[in-house]
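All remarks here apply to the structure that follows.
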Amino acid sequence: MEQLVTVKQGTQPTFDGVKVGVVKIGVADGKPAIQFWIRTGGQERKQAFREGQSTALPGAGTLRIVSIQPADGGTPASAVLAYDAGQLTPGSDRRTGKTRRDVIEQR
């Protein structure tokens, strides 16, 4: 199921344990762009995107950039993101896809 989230520059939403810092929303090469700092316990990366692009979040689902609104006069910059957790079942580990029961049975 897809979840829509509106973000502003400087916010840091979390998607299934993955922090996505919104570093910058603006214009690059004449087109709206957004830059994220994506962090998990063991990974960090800074990456820029345009509308319609998506990225797999480490150990989680997919984040897609729906729209980007650079700042305009007195209106602050914002963007709409769509997060899809994928096909994992509730209670499963996003990194391995295993449920708690699977892990217990392995022990």
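The values are calculated or read from the model by the stated rules, or taken from the named source; none is laboratory data. Here the structure is a predicted model, which means the values were calculated and not measured. Note that we place each Cβ from the backbone using ideal geometry, even for glycine, and neighbour counts take in every protein chain shown. The area values use the complete protein model at the heavy-atom level, side chains included, leaving out ligands, DNA and RNA. Shrake-Rupley method; radii C 1.70, N 1.55, O 1.52, S 1.80 Å.
Note that the range 1-83 carries a Kirkwood radius of 12.8 Å, evaluated over its alpha carbons pair by pair. Taking the protein heavy atoms of the range 1-84 in the context of the full set of protein chains, the accessible area attributed to carbon and sulfur is 46 percent at 1.4 Å. For the pair residue 14 and residue 55, label points projected 7 Å from Cα toward Cβ lie 1.9 nm apart. For the range 1-90, the set of trypsin sites (Lys or Arg not before Pro) satisfying both a DSSP loop assignment and a count of at most 13 other C-beta atoms within 10 Å is given as 50. Across all C-alpha atoms in the range 13-52, the radius of gyration and Dmax reach 11.2, 35 Å. For the range 1-78, the residue among 52, 10, 74 whose Cα projects farthest onto the positive side of the dipole built from Cβ charges is 10. Ranking 29, 84 by solvent-accessible area of protein heavy atoms (1.4 Å probe, all protein chains present), from largest to smallest, gives 29, 84. Across 4, 81, the residue with the most accessible area heads the list, and the full order at a 1.4 Å probe is 4, 81.
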